[in-house]
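Have a look at the structure below, then the notes.
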Amino acid sequence: DRSYNAPPITEVTGQPASQSPGQFYTASFRSLLPSIGANYEFLTGWHAYANYSRNARPPGYSEFYEVSGNFSLEAGLKPEKTDNYSAGIYFEKGPFEGRISAFDTHYQDYILNLSVSRPGGSGYITQVENVGSAHYSGGALAMTYLITPWLQAFANVGIIKTWIDRFNDGPASYAPNQTQSGGLFANYHGLSSTVSVDHVGQRGYLYIDGDD
């Protein structure tokens, strides 16, 4: 539950929009956010789990305003909602611990920056819009091995695919298609330290003209 009650402010000058002195804009958002999960130990030390949850992100204060110039408030911007599904198996066996998981996050009313024509056709501005459905799907594998009571080795691998329905399944911007990391973690008499090697895969970028 979130509410805003504030005057229009332009990001260029930080001052109230010149065409609306004294005008205030009010927006309120309310969402029901259920969640459910289950965990089953099918063998000693081996667990299967599945989870579902719904989340919502209301538009941030700055997202109600166009990024460039003194123009009107964004019209009808709605909260971004997600249905989140995950399932997997994890185990604890002697010095080994591991987890393999899969996930799918389905966005509704995905919030995205678009480039659109200025009123009157004099160039372009960037504004925020709800663009419909988007998807983040993937999986992960994580393993740890306890070398000594104070020293642990770890390795993690993740893959992800993202797409936005409205733009011919183009990728969501800045989400890497894979990640890997591995290293050592030490915790000795309260002093902890980590040494790791990390790799982040290629990130997608989607340039969108909102007039299309």
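The values are calculated or read from the model by the stated rules, or taken from the named source; none is laboratory data. All figures in this text were calculated on a predicted structure; none of them were measured in a lab. Because the Cβ atoms are built from the backbone with ideal geometry, glycine has one as well, and the counts that use them run over all protein chains shown. Note: areas computed on protein heavy atoms with side chains; ligands, DNA, RNA excluded. Shrake-Rupley method; radii C 1.70, N 1.55, O 1.52, S 1.80 Å.
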* Accessible area of residue 28 in the full protein assembly, 1.4 Å probe (Å², nearest 10) -> 60
* Asked: Which ³J(HN,Hα) values in Hz, rounded to whole numbers, follow from the phi angles of segment 127-142 under the Karplus curve 6.51 cos²θ - 1.76 cosθ + 1.60, where θ = phi - 60° and Gly and Pro get x?
  -> 9, 9, 9, 7, 10, x, 8, 9, 9, 10, 10, x, x, 8, 10, 10
* Structure fact -> With every protein chain kept in place and a 1.4 Å probe, the residues 160, 36, 147 fall, from largest accessible area down, as 36, 147, 160
* To do: Could you rank 150, 163, 46 by how accessible they are, 1.4 Å probe, largest area first?
  => 150, 46, 163
* Asked: Check residue 175: other-chain or 5+ apart residues with amide H under 5 Å from its amide H, H built from backbone geometry?
  -> 204
* **Sequence of 165, 109 when ordered by accessible area, the most exposed leading, probe 1.4 angstrom** => 165, 109
* Asked: Taking K and R as +1 and D and E as -1, what net charge do the other residues with C-beta under 15 Å from the C-beta of residue 185 add up to?
  -> -2
